[in-house]
1. At what distance in nm do the modelled label points of Leu297 and Val158 sit from each other, each positioned 7 Å from its Cα along Cα→Cβ?
2. Which entry is the computed Cα Rg over 2.2 N^0.38 Å for this structure: (i) 1.21; (ii) 1.54; (iii) 1.06?
3. What FRET efficiency would be calculated for the residue pair Ser266, Ala145, taking the C-beta separation as r and a Förster radius of 45 Å, to the nearest 0.05?
4. Of the listed peptides 326-332, 230-236, what is their order by residue-averaged count of other C-beta atoms within 10 Å, with the highest listed first?
5. With +1 assigned to the C-beta of every Lys and Arg and -1 to the C-beta of every Asp and Glu, and no other charges, what is the dipole magnitude of segment 133-195 about the Cα centre in debye, to the nearest 20?
6. With contacts defined as alpha carbon pairs under 8 Å and 6 or more residues apart, what's the relative contact order of segment 13-140 in percent?
7. Using the structure shown, list the pairs from Lys41/Lys105; Lys18/Lys152; Lys105/Lys177 with a Cα-Cα distance above 20 Å, or answer none.
8. Considering only C-alpha atoms, what is the centroid distance from segment 112-159 to segment 12-79, in Å?
Amino acid sequence: MSTKPYDGTWDPQAFVGKELIGIDFSHRSLVGARFAGSVLKDCDFSDSDLSNADFTGADLYRCDFSRSILYAAGFDNANLTRADFTGSHIYGWLLNASANVTYTKLLSFSIESRRRSVAVDTVRPAHVREIEFGGQIDRAAELCASNYQVGKYRYTFVDLEPQEAALQRSQIYNRLKRLYRENHNGEAALHCLFYERYYLTRSYYRNSPLTGGKFRENLFKTLGKTAGGYLVEFVSGYGVRPLRILRNLGALWLIFFLATLAITSSAPDSGVLYSAPARPASTAPPAQGQPSQPAQLDLGKPDQDIAAVLHYSLLSTVTPDPQRYTSYGWMSFLSLAYFAMAATLLALLFSSVFLRLLSE
């Protein structure tokens, strides 16, 4: 994509409703710029500071926003088809209405290493550096190293804790999830749902400036949320990862199968009995009123019947009382516990597959 330099006036109001196609706006301080209603196809905004910029209703087809700062930038009703936001810092961007994100690269975003706050004030303190609107900047990601002001917008920064960075990512994925749903892209929405929950699980911590949460006052609640979040993530991928559920179900079955082999062969007071119809010793039918008595075989004693144990363990996945099999001793408790866990995983698997089918 070839671009040409902008040869107009560097003023925040100079771009409203204009047609600026293939213009190079990269490495520029464009804080508070107004691009509302403009046609900006194939423009390059990479590594630019677009904080508080307004792109409402703009046509941004195939624009490059990679590594740009988009804090409080508005994109309501914008056309973002094929736009590239790789590495862009989109925490805090404004999307109260929908936008067209067909083939848009949005999922490889970044966040700034320090938390940004904005104040609108025409008076600039002496200790805050000034950056001219339209001025050249080297790397947008390095702007958070110190406070600065562009026009009436003053930005200050504080160190960002890992848990707060995770919370920022969770909030971004929440916004992207809703945006993809509005664009009828169910698969991308489920991807964002997983990572919204993933980073939310990692965001619980002692003092949250965004939520006001206090770890010490709610110690057990915080620990419970964190442990529960990690458990749901491992077991089911927050309900949207069917392959993960299937993997865990397979691992659970293998553990039950090996445990059944060990218990039935070694524990004298625990095992599984198999009841099979007795075969008559002769071909003559049994006497009237004297049916054949079923033979009971212990699967592990005296010789291990691996095929029967395999059959029993597979049936126990879907029923707590497999036909012709009777567990006793420790195997009764183990079989019931296994069935309860397997049934839970199967229910999660069916619901996860159903969600996947609905997203298509």
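1. Each label point lies 7 Å from its Cα, and together they span 7.2 nm.
2. It is the one labelled (ii).
3. Calculated value: 0.10.
4. 326-332, 230-236
5. Using Cβ point charges on Lys, Arg, Asp and Glu, segment 133-195 gives about 300 debye.
6. Answer for segment 13-140 is 21 percent.
7. Lys18/Lys152
8. Taking the Cα centre of each part, segment 112-159 and segment 12-79 sit 19 Å apart.
FYI, it's all coordinate maths here, none of it is from the lab. Note that the structure is a prediction, hence the values are computed from the model and not measured. Cβ: placed from backbone, ideal geometry, glycine included. Neighbour counts: every protein chain shown.
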